[in-house]
Amino acid sequence: MAKSEEPVIIKKYANRRLYNTGTSTYVTLEDLASMVKAGEEFVVYDAKTSEDITRSVLTQIIFEQENKEGQNLLPINFLRTLIRFYGDSMQMLVPRYLELSIDNFSREQGKFRDQMAQAFSATGFGPLENMARQNMEMIERAFAMFAPFGRQPTSAGAAATTEPGKTAAPGSDEIEDLKKQMEEMQKRISRLTDKENP
């Protein structure tokens, strides 16, 4: 059956039940997670106010998945860094950066799986290191584009000096954090790949 171009409308009622108007059935967060995995688009509206609450429902799905043993995708350091960006001058850049990063990762998924397999073979970690390096370069380019609008120090003396008369690049701490988080995510993915391919 061909997929409809229009997203399926899900209504959320006051009793927290979710109703799929496409199939005229009540669904669970697990059902919605399956729809996402199958590539089915949907929009969730509050049945009473008609407010679009898709973002909060998707966040709930992630929360549910993260609570399942062995399903964790979001490293603690990543979550801490993400929380720090709320209310920060860089906040408006983060969603687009994350979107670009995950889109790039999704497009390269097949190649990445092959490289993960090769990384643990006799060839060593070369392919993985190359991919990590490319990801880090992309991160640095993304933040460098916005360097003129860099964040202001939050307290006196917050700008660390690298040489006399020079200050560190704006957002350099965040880039380092993101580098560490990407490395941690890649380690987690490799562990998952090992489980899938014993």
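Distance between the pseudo-spin-label points of residue 91 and residue 28 (7 Å out from Cα toward the beta carbon): 3.5 nm. If r is the Cβ-Cβ distance from residue 111 to residue 185 and R0 is 22 Å, what FRET efficiency results, to the nearest 0.05? Calculated value: 0.85.
Across the cross-link table entries 12/111; 11/68; 68/187; 12/179, which are compared at the Cα atoms, the separations over 30 Å belong to 12/111; 12/179. Note on residue 82/residue 47: beta-carbon distance plugged into 1/(1 + (r/R0)^6) with R0 of 30 Å gives a FRET efficiency of 0.50. Using R₀ = 22 Å, calculate the FRET efficiency as 1/(1 + (r/R₀)^6) where r is the Cβ-Cβ separation of residue 63 and residue 140; round to 0.05. After rounding, the FRET efficiency stands at 0.10. Extension gain, residue 36-residue 104: 0.36 nm per intervening residue step, less the Cα-Cα distance, totals 22.7 nm.
Every number here is computed from the coordinates shown, using simple stated rules; none is lab data. Note that this is a predicted model, so its numbers are computed, not measured. Backbone-built Cβ (ideal geometry, glycine too); neighbour counts: all protein chains shown.
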